[in-house]
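The values are calculated or read from the model by the stated rules, or taken from the named source; none is laboratory data. Since we're looking at a predicted model, the values are computed, not measured. Because the Cβ atoms are built from the backbone with ideal geometry, glycine has one as well, and the counts that use them run over all protein chains shown. SASA here: full protein model, heavy atoms, side chains in, ligands and nucleic acids out. Shrake-Rupley method; radii C 1.70, N 1.55, O 1.52, S 1.80 Å.
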Amino acid sequence: MVQVTELGYMGIGVKSLADWKRFAADIMGLELVEGDAPGRCYLRVDNWHHRIIVDEDGTDDLNYLGFRVAGSEEFREMQRQLENAGVKVQIGTYEDANQRHVLELMKLSDPSGIPIEIFHGPHSQPNKPFHPGRRMHGRFVTGDGGMGHTMLTETAGWEKTYAFYRLLGMRGGVDYRFAIPGLPKPVEAMFMSCNSRDHTLAWGFPGVKRINHLMLQYDQFDDVGLTYEIVQQNKIQLGITPGKHANDGMYSFYIVNPSGWQNEFGWGGREANFQSEYHDRDTYGHEPVKIEPANASDKPRSNAAE
Ligand SMILES: [Fe+2]
């Protein structure tokens, strides 16, 4: 069975490109690359041409996730694997692939209607070392673990969603089962892995947007501290206070971005382990913060494939 190897890139839609450019460069520390179409810009996290494609389309949500396979043979094998399981796949044109700066890509949807792209051959630019948008002590951790991890809002039912991402070669399980006052059943959260990173994909929390958060990992603990200070100075809304996750052992905090979903900034942590275990709370910290209405997610978005 062929497997995806990493979360390679993501496309996001935003209401204000100007706000996002400022946020990405000055708060997150990402490198801006001007887009090749009106209302578009690219965000670099490492030496790839980009990891995030930002389109000013007014949606303030995730547009698509790009998962990598190793090469052209795995790409064709993945197509067969998906089609044999009854998943509709559209092979992108040369122009489609060029636009994403990859050699080849295919487009499909996950069971919740979230657009997924599978690609191989990202445009890597070692001649253009990552240049952060503001001072950093170190760099982002990418490499074999991909750009980071993301939590989605699953709406199709866990069995279908799990089966779909299993088909992409991921595996995982419930890492958290915890009681929430007022809810009849404990809430569970699901985490799936496709490489050494503890998890690449998670779901389990209700939400009105396709995406709950994107986690980017620093290689220096001091960058978590520096970013936290910049967040405080700029009065950016915190989503979850600093703390340590019980599942991946990562020290992190969360902030609300200009689109109303969250960015997590982490350091440390352990690699994926392939036996299941669950937790009923984090190691320490990570208190959810009441989000001010101005920053909160407003309207539900249809998950119709696009
Ligand atoms: Fe996370």
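How large is the translational diffusion coefficient of segment 6-122 in µm² per second when you combine the Kirkwood radius over alpha carbon pairs with Stokes-Einstein at 10 °C and 1.306 mPa s?
Numbers: Rh = 14.9 Å.
Diffusion coefficient, whole number: 107 µm²/s.
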- Item | Computed [θ] at 222 nm, deg cm²/dmol, the chain (DSSP H ≥ 4; -39,500 (n - 2.57); rounded to nearest 500) | -4500 deg cm²/dmol
- Message: For the chain, set up a GNM with springs between Cα atoms under 10 Å and report which of Ile27, Ile114, Ile230 has the largest fluctuation.
- Response: Ile230
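Within 10 Å, Cβ to Cβ, of Gly29, how many net charges do the neighbouring residues add up to if Lys/Arg are +1 and Asp/Glu are -1?
Summing Lys/Arg as +1 and Asp/Glu as -1 gives 0.
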- Item | Scattering profile of the chain at q = 0.09, 0.15, 0.16 Å⁻¹ [log10 I(q)/I(0), Debye over alpha-carbon scatterers] | -0.42, -1.30, -1.52
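Using +1 on the beta carbon of Lys and Arg, -1 on that of Asp and Glu, and nothing else charged, what's the dipole of the chain about the Cα centre, debye to 20? Mind dumping the intermediate values first?
Numbers: 31 positive and 41 negative charges, 56 e Å.
Approximately 260 debye in magnitude.
Round to a whole number: what % of the accessible area of the chain belongs to carbon and sulfur, probe 1.4 Å?
Values: 7060 of 13990 Å².
Answer for the chain is 50 percent, counting heavy atoms of protein chains only.
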- Message: Can you give me the C-alpha center-to-center distance between segment 34-70 and segment 179-224, rounded to a whole angstrom?
- Response: 21
- Message: Given a 1.4 angstrom probe, what's the average accessible area per residue across the chain, in square angstrom?
- Response: 46
- Task: Among DSSP beta bridges whose residues both lie in the chain, state the antiparallel percentage, nearest 5.
- Result: 75
- Using the scaling law 2.2 N^0.38 Å as the reference, what is the normalised Cα Rg of segment 143-285? 1.04
- Item | Links that overshoot a 22 Å alpha carbon limit, given the list Lys209/Lys244; Lys21/Lys235; Lys21/Lys128; Lys244/Lys290; Lys107/Lys209 | Lys209/Lys244
- Message: Using the Cα centre of segment 1-40 as the reference point, and only Cβ charges (+1 on K/R, -1 on D/E), how large is the resulting charge dipole? Debye, rounded to the nearest 20.
- Response: 180
